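The values are calculated or read from the model by the stated rules, or taken from the named source; none is laboratory data. As the structure is a computational prediction, the values presented were derived from the model and not from experiment. Neighbour counts are summed over all protein chains in view; Cβ atoms, including those assigned to glycine, are modelled from backbone coordinates with ideal geometry. Protein only, heavy atoms only, side chains kept; ligands, DNA and RNA dropped before computing areas. Shrake-Rupley method; radii C 1.70, N 1.55, O 1.52, S 1.80 Å.
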Amino acid sequence: MDCLFCKIASGAIPAKKVFEDDQAIAFRDINPQAPVHILVVPKKHVGSLAEMGGTQDDKALLGHLLALAAQIARSENLSQGYRTVVNTGPDGGQTVDHLHLHLLGGRAMHWPPG
Ligand code: 5GP
Ligand code: ZN
């Protein structure tokens, strides 16, 4: 499949990996928007959050990705807090069509987002 994050997950394209297990990989964003900007990505290809249904597998995977973000935030010493974002579809600003969770930290975030 011609998918950037599938290629990163398989190792075909290099990335600055911070974590990996059987279900997910986390690596530093190539164009960081904060001092810490990490993408948490399922190894399985899922186009976006909009494709996630109500199956137990989907729920377990989503829970796993969010729990990993919290674990990585601790290992990155984001004790002042952080932002987790899942951009979905054109209006959500999604540019890579493989589900991913952004973990942003190391500076104060603004609200509302643009
Ligand atoms: P989206 O806009 O889909 O929510 O987020 C996609 C993210 O992937 C962007 O923040 C972008 O900087 C990042 N990105 C795009 N291509 C690459 C790449 O080749 N390597 C890494 N590490 N990040 C990438
Ligand atoms: Zn993919």
For the stretch 34-49, take each phi angle, set θ = phi - 60°, evaluate the Karplus expression 6.51 cos²θ - 1.76 cosθ + 1.60, and give the result in whole Hz per residue in order, putting x for glycine and proline. 7, x, 10, 9, 10, 9, 9, 10, x, 5, 6, 6, 10, x, 6, 4
Accessible area of K7, 1.4 Å probe, to the nearest 10 Å²? 70 Å²
Sequence order, the stretch 10-27: Karplus ³J(HN,Hα) from phi using 6.51 cos²θ - 1.76 cosθ + 1.60, θ = phi - 60°, Hz rounded, Gly and Pro as x, gives 7, x, 5, 10, x, 8, 7, 6, 10, 7, 8, 9, 5, 9, 8, 9, 10, 8
Beyond 16 Å, the calculated P(r) of the chain holds a percent of Cα-Cα pairs equal to 59 percent
Counting only protein heavy atoms and leaving out ligands, DNA and RNA, the solvent-accessible surface of E20 at a 1.4 Å probe, in Å² to the nearest 10, equals 80 Å²
Using alpha carbons only, how many degrees (0 to 90, rounded to 10) separate the axis of helix 56-75 from the longest principal axis of the chain? 30 degrees
Taking R0 as 35 Å, what's the FRET efficiency between A12 and N77 from their Cβ-Cβ distance, rounded to 0.05? 0.65
Mean 1/r over all different Cα pairs, inverted: what Kirkwood radius does the stretch 31-94 give, in Å? 13.3 Å
Would you pull out the residues with amide H under 5 Å of D29's amide H, same chain only if 5 or more places away, H placed 1.01 Å from N? H37, I38, L39
Compute the distance from the alpha-carbon center of the stretch 9-48 to that of the stretch 60-114, in whole Å. 12 Å
